[in-house]
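One structure is given below, encoded as structure tokens.
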Amino acid sequence: MTQTTSSPSPASVPSPEDAAGQENFDRLIAQDSRIEPRDWMPQAYRKSLTRQVSQHAHSEIIGMQPEANWITRAPSLKRKAILMAKVQDEAGHGLYLYSAAETLGTPRDELNEQLLSGRAKYSSIFNYPARTWADMGAIGWLVDGAAICNQVPLCRASYGPYGRAMVRICKEESFHQRQGWEILFELSHGTPEQKQMAQDAVDRTYGPALQMFGPPDADSPNSQQSMAWKVKRFSNDELRQRFVDMIVPQAEALGLTLPDPDLKWNEERGHYDFGPLDWDEFTDVIKGNGPMNAQRMARRIQAHEEGAWVREAAAAYARRQAEQNAPADTQLIGA
Amino acid sequence: MSFATNDTATKHSAGVAITAEEIAAGEQRAPEDVARYALALGDDALMLGQRLSWWISRAPELEEDIALGNIALDLVGHARFLLSYAGTAWGRTEDELAYFRDEEEFRSVRLVEAENGDFGRTIARQLYYSFYAYELYSRLRESTDATLAAIADKALKEVLYHQDHAEQWLNRLGLGTEESARRMQRGLDELWPYVPELFHDDDVTRPLAEQGVAVLPSSLEEPTMTRIRAAIEEAGLTVPTTGTARGGDRSGEMSEYRGYILAEMQSLARRHPGASW
């Protein structure tokens, strides 16, 4: 792996290989073409993408927990089946994304270690509790909805494996969003208690969902570089606005309100205006002080530790099989 | 309603997937005794699906979150078919049967109600149940009851994978490390006393089996146990010698777990009786 950075200091002179690589990289980016794993890429690009893709993978994995919280209590067998399929999809998304991240040179074990040690972050939204069944609706509609707004443009991300993983993920996410909306629709057209449950969950989730797009553009220093590399295609604020414009009519169709007194249509801008978000809370949750940070991490660590003997057994078995020249078993884990 | 066999796991005939809704709305109403039979098989699938689903987000590896989740999802699907069909006899929906029956009204065997324990114990339970389910559904496909035959035909395709999953893990754990062999053996030993309940004949199954509607449970014992014993030995482990736990008649009278499972599973639905979701 090359040590060259994208903006070498004046004192350093890039090798001819790096200069040619940089030229090719710049050309591919300018052409809106794709960077593939074997292509030369600036070290900063590799590092930034590894961070972004692995954080995305970690978010899928931690994001399984709030929904798994309701699998055993889902109120109908059909809903139970749908929820199980959805959480399972998220594990699948985690797998594609770890695979995409691995093509940048960091093995999955190491990425997992970064998550478990707390060095890597995951989406802050999953540090809030899924207290009622209606949270399954609000997570699907708002959290997956925000994720889709973020991720659809990522299907065109300049790094090939990431963009391609996103295509499949977005297809599944759109089912997820629809099922969340449908849960809320059933609740908002059900008994008064059900409707209240739906409204409470939307009230809880709205702010954190809007924060999923990241800090305001003025406070998001990495965004410019990411956009120059054509990983990110729209700014945080642009995506947040797009999301708000999308959910307002959807909330009306649900017969639910959004907890923002400043939310109103702005004829001049052709967009909805919305009120300020609590960025102090956001920063605090990212720092680890959300209501569920400790529990989410503890559960992931526990699953990993309690599974160690299983992974060791699978690895030992795989070694033994290999020694005996048995046909390769491609499904072995930990091999 | 036609359930011609074909070669995919999700379709029963071109363009017609079997669904719980279709069974519930179908023209074939289950006779009382058939409904009681379907209910017991459905309860087994439901309880095991419920137990297994706990692993999602807690498995030893991401691939297993997916695999165990998939198996649990299949089992909940089987439960939906079987409970929907049973419900046609009494004018009750799958959810009324799953969520609004009390402990003593369930007919699941204790094996599927058993706690997950560690991964080894979960695999032991999967081994016992999936090998049994394979033998059961292989024969139930020939049932003179068209709906049961169709459900069995669909379930069998999925159970084949469950069996494969259990057997592969049995081998990995049995032949993996000293610790994994010890844990796998313990799981096999602890659940062994509850296996014979799967093969218990009763007043529902005996006459139905004579009519070719049901599979006589005791007729499954020899083929199931022969294969289970062979699989255990193949994995370098010991066929348990523990005895049979008393009370193996699906009544739940000799079980403690069922009440806890239902307390959790039914809690939300029961707080909102009559609500739709």
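Would a scan of segment A:199-207 turn up a residue that is in contact with a helix residue (DSSP H, G or I) (Cβ under 8 Å, 6 or more places away or on another chain), open to solvent by 40 Å² or more (accessible area, probe 1.4 Å) and among the hydroxyl-bearing types (S, T, Y)?
no
Report, by residue number, each residue of segment A:223-235 that is open to solvent by less than 20 Å² (accessible area, probe 1.4 Å), of a type outside the set (A, V, I, L, M) and closer than 18 Å to A:V53 by Cβ.
Selection gives A:S223, A:S226.
Select from segment A:223-271 the residues that are over 20 Å from the mean Cα position of the chain (by Cα) and aliphatic (A, V, I, L, M) and write down the one among them that is nearest to A:W40 (Cα to Cα).
A:A228
Are any of the residues in segment A:138-156 among the charged types (D, E, K, R) and open to solvent by less than 20 Å² (accessible area, probe 1.4 Å)?
Within segment A:138-156, one or more residues are among the charged types (D, E, K, R) and open to solvent by less than 20 Å² (accessible area, probe 1.4 Å).
Condition (residue is at pLDDT 95 or above, part of a helix (DSSP H, G or I), closer than 27 Å to A:V248 by Cβ and not β-branched (V, I, T)) applied to segment A:310-320: is it met by at least one residue?
Checked segment A:310-320: no residue is at pLDDT 95 or above, part of a helix (DSSP H, G or I), closer than 27 Å to A:V248 by Cβ and not β-branched (V, I, T).
So that you can scan it fast, the table gives a plain yes or no per residue for (1) open to solvent by 80 Å² or more (accessible area, probe 1.4 Å); (2) within 14 Å of another protein chain (Cβ to nearest Cβ); (3) polar (S, T, N, Q):
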site	(1), (2), (3)
A:H271	no, no, no
A:Q295	yes, yes, yes
A:R300	no, yes, no
A:A318	no, yes, no
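Restrict the check to segment A:136-153 and report whether at least one residue is in contact with a Phe, Trp or Tyr (Cβ under 8 Å, 6 or more places away or on another chain) and assigned to a loop (DSSP other than H, G, I, E, B).
Within segment A:136-153, none of the residues are in contact with a Phe, Trp or Tyr (Cβ under 8 Å, 6 or more places away or on another chain) and assigned to a loop (DSSP other than H, G, I, E, B).
Within segment B:248-263, count every residue that is surrounded by 13 or more Cβ atoms within 10 Å (Cβ to Cβ) and without any contact (Cβ under 8 Å) to a residue 40 or more places away in the chain.
Counting residues in segment B:248-263 that are surrounded by 13 or more Cβ atoms within 10 Å (Cβ to Cβ) and without any contact (Cβ under 8 Å) to a residue 40 or more places away in the chain gives 0.
Got a number for residues in segment A:77-91 being over 10 Å from B:I56 (Cβ atoms), open to solvent by 10 Å² or more (accessible area, probe 1.4 Å) and either free of Cβ contacts under 8 Å to residues at least 12 places away in the same chain or not in a helix (DSSP H, G or I) (or both)?
The total comes to 3.
What's the number of the condition A:S48 fails, among (1) of a type in the set (S, T, Y); (2) within 13 Å of chain B (Cβ to nearest Cβ); (3) touching a residue at least 24 places away in the same chain (Cβ under 8 Å); (4) surrounded by fewer than 21 Cβ atoms within 10 Å (Cβ to Cβ)?
With (1) of a type in the set (S, T, Y); (2) within 13 Å of chain B (Cβ to nearest Cβ); (3) touching a residue at least 24 places away in the same chain (Cβ under 8 Å); (4) surrounded by fewer than 21 Cβ atoms within 10 Å (Cβ to Cβ) applied to A:S48, the lone miss is (2).
Residues to consider are B:L175, B:L208; find the one that is in contact (Cβ under 8 Å) with a residue 40 or more places away in the chain, buried (at least 18 other Cβ atoms within 10 Å of the Cβ), over 30 Å from A:A316 (Cα atoms) and over 17 Å from the mean Cα position of the chain (by Cα).
None of the others qualify; the one that does is B:L208.
Here's the yes/no breakdown for (1) open to solvent by 20 Å² or more (accessible area, probe 1.4 Å); (2) farther than 30 Å from A:A298 by Cβ; (3) free of Cβ contacts under 8 Å to residues at least 12 places away in the same chain; (4) at the interface with chain A (Cβ under 9 Å from one of its Cβ atoms):
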residue	(1), (2), (3), (4)
B:A59	no, no, no, yes
B:L82	no, yes, no, no
B:R107	yes, yes, no, no
B:F119	no, no, no, yes
B:A133	no, yes, no, no
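Is at least one residue of segment B:160-171 away from chain A (no Cβ under 14 Å) and open to solvent by less than 30 Å² (accessible area, probe 1.4 Å)?
Yes.
Looking at segment B:88-97, can you tell me whether even one residue there is under 19 Å from B:V213 (Cα atoms), modelled with pLDDT of 95 or more and open to solvent by less than 10 Å² (accessible area, probe 1.4 Å)?
Checked against the condition, which is being under 19 Å from B:V213 (Cα atoms), modelled with pLDDT of 95 or more and open to solvent by less than 10 Å² (accessible area, probe 1.4 Å), segment B:88-97 yields no hits at all.
Rundown of residues vs (1) surrounded by fewer than 16 Cβ atoms within 10 Å (Cβ to Cβ); (2) within 14 Å of chain B (Cβ to nearest Cβ), yes/no style:
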residue: A:L28; (1), (2): no, no
residue: A:E36; (1), (2): yes, no
residue: A:H56; (1), (2): no, no
residue: A:S59; (1), (2): no, yes
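The values are calculated or read from the model by the stated rules, or taken from the named source; none is laboratory data. Everything quoted here is computed from the prediction, not taken from an experiment. Every residue, glycine among them, receives a Cβ derived from its backbone with ideal geometry; neighbour counts consider all protein chains shown. These accessible areas exclude ligands, DNA and RNA; they are computed on the full protein's heavy atoms, side chains included. Shrake-Rupley method; radii C 1.70, N 1.55, O 1.52, S 1.80 Å.
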